[in-house]
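Throughout, read-outs are computed from the coordinates displayed, never taken from laboratory work. These numbers come from a predicted model, not from an experiment.
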Amino acid sequence: MNELKLSIQEAQELLLLSQSSVYSWIDKGKLQSQDTPGGKVIVISRKEADEIRNFNLKSRRNKVARQVVQNSLKEAAVEEDSVISAEILETDTPDIRQKTSPDMTLQLISRIEELAVEAGRFKQLEILRNEEKENVKFWQEKYHELNAELKKKDLEISALKSEIELMKNNSGVRSVLNLFKKH
């Protein structure tokens, strides 16, 4: 078993939790800790740590995770645009080298910022689509459960109607028999 021993700071970074959340989880027994001369150490399996991190990345309420996602999106966009900018600047055409001025740099920076914003939007859309898929699956399962329950109830109703008809027929036969007995 891959067991990790993490400081509070390392646990915060790996699990995407705030410091107060880490201590709260320790108090509630959600995280196991050991006291050491250097302070508390969180003892957790790698699998459990990955599950907590993935859950927190999907959570809308987790501020730490949102910041990590936003920062990584910004870094990815900046890296992508830096490569593009470097390719532009490395071209051998003298025209482009002459045009690399503060104005072009500002334009490149502006474009980088636009791409970072767009990347963030696409990531948010992807997250929302995944949540929608999960919701659709959940409601489809609920629909099928309720539909099966409805069919059972329909069968029960049909059986009860049959019993009522049988009782009516039996009571009709009795009333006819009673008429013959009187005459």
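A few comments on the model shown:
- Projected-area average for segment 1-46 over all orientations - Cα convex hull basis, square nanometres: 3.1 nm²
- Backbone phi angles across segment 25-37, fed through the Karplus curve with coefficients 6.51, -1.76 and 1.60 (θ = phi - 60°), yield HN-Hα couplings of 5, 5, 4, 7, x, 6, 10, 8, 9, 10, 7, 10, x Hz in residue order; Gly and Pro are listed as x.
- Per residue, the convex hull volume that the Cα atoms of segment 107-176 enclose (Å³): 57 Å³
- Rounded to whole Hz, the Karplus (6.51, -1.76, 1.60) HN-Hα couplings of segment 117-134, x for glycine and proline: 5, 4, 4, x, 5, 5, 5, 4, 4, 4, 4, 5, 4, 5, 5, 5, 4, 5
- Links that overshoot a 30 Å alpha carbon limit, given the list K58/K142; K137/K161; K133/K161; K40/K137; K5/K123; K47/K133: K137/K161; K133/K161; K40/K137; K5/K123
- Other-chain or far-sequence residues with amide H under 5 Å of S7's (modelled H): I42
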